[in-house]
Amino acid sequence: AAFADEEKAKTIPDPTAEATFRRSILDWAERELSPHREVLADTTALLHLRQREVVPLTKTAWQGGAYALPRPDVVDVTWSFAGGTLRFVGVFGGDAYAPGPLPGRVIWRSPSVSQDENGSLVLPAWSGVFVKEVR
């Protein structure tokens, strides 16, 4: 949209300009400073999780996917493979959501996800959980 507006277009840096290049050079020392250090650690952990848990499923036959919108702010997606399923339940705003029993093993969840007195997961706004079930 900014490219279509003449005034906004003037604020977009010229990708061929030397100054744009200089502003875009990474400062690798920032990797050791907070919050960059923590973001890098989280990203590295998620990439390892993907390699360990998701990639093996994707190497088996794809059997389809399905989704449900239990509420306007909740998405529940399942990807099915011959080797098992991967399920994501996410809450994008609104009130907390308890998805009920989630067969399989939780491989990742937002830090804010908790369990109720029955052991069921409770997802507050802006949180999610990935569950893997192996066949």
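Values as computed for the structure displayed
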| read-out | value |
| --- | --- |
| Whichever residue in region 77-130 is more than 13 Å from the chain's Cα centre (by Cα), modelled with pLDDT of 95 or more and of a type in the set (D, E, K, R) and, among such residues, is farthest from Val54 (Cα to Cα) | Asp95 |
| Index of the failed condition, Thr60 passing every other in (1) surrounded by 10 or more Cβ atoms within 10 Å (Cβ to Cβ); (2) at positive phi | (2) |
| Positions within region 81-103 being of a type in the set (Gly, Ala, Ser) and under 10 Å from Val134 (Cα atoms), in sequence order | Ala82, Gly83, Gly84 |
| Conditions (1) over 30 Å from Ile12 (Cβ atoms); (2) free of Cβ contacts under 8 Å to residues at least 60 places away in the same chain; (3) surrounded by 10 or more Cβ atoms within 10 Å (Cβ to Cβ): number failed by Val39 | (1) |
| Lone unmet requirement of (1) loosely packed, with under 11 Cβ neighbours inside 10 Å; (2) in contact with a strand residue (DSSP E or B) (Cβ under 9 Å, 6 or more places away or on another chain); (3) among the hydroxyl-bearing types (Ser, Thr, Tyr) for Thr44 | (2) |
| Region 104-117: number of residues that are outside any loop (DSSP other than H, G, I, E, B), surrounded by 14 or more Cβ atoms within 10 Å (Cβ to Cβ) and of a type in the set (A, V, I, L, M, F, W, C) | 2 |
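The values are calculated or read from the model by the stated rules, or taken from the named source; none is laboratory data. Everything quoted here is computed from the prediction, not taken from an experiment. When we count neighbours, we look across all protein chains shown, and the Cβ atoms used for this are built from the backbone with ideal geometry, even at glycine.
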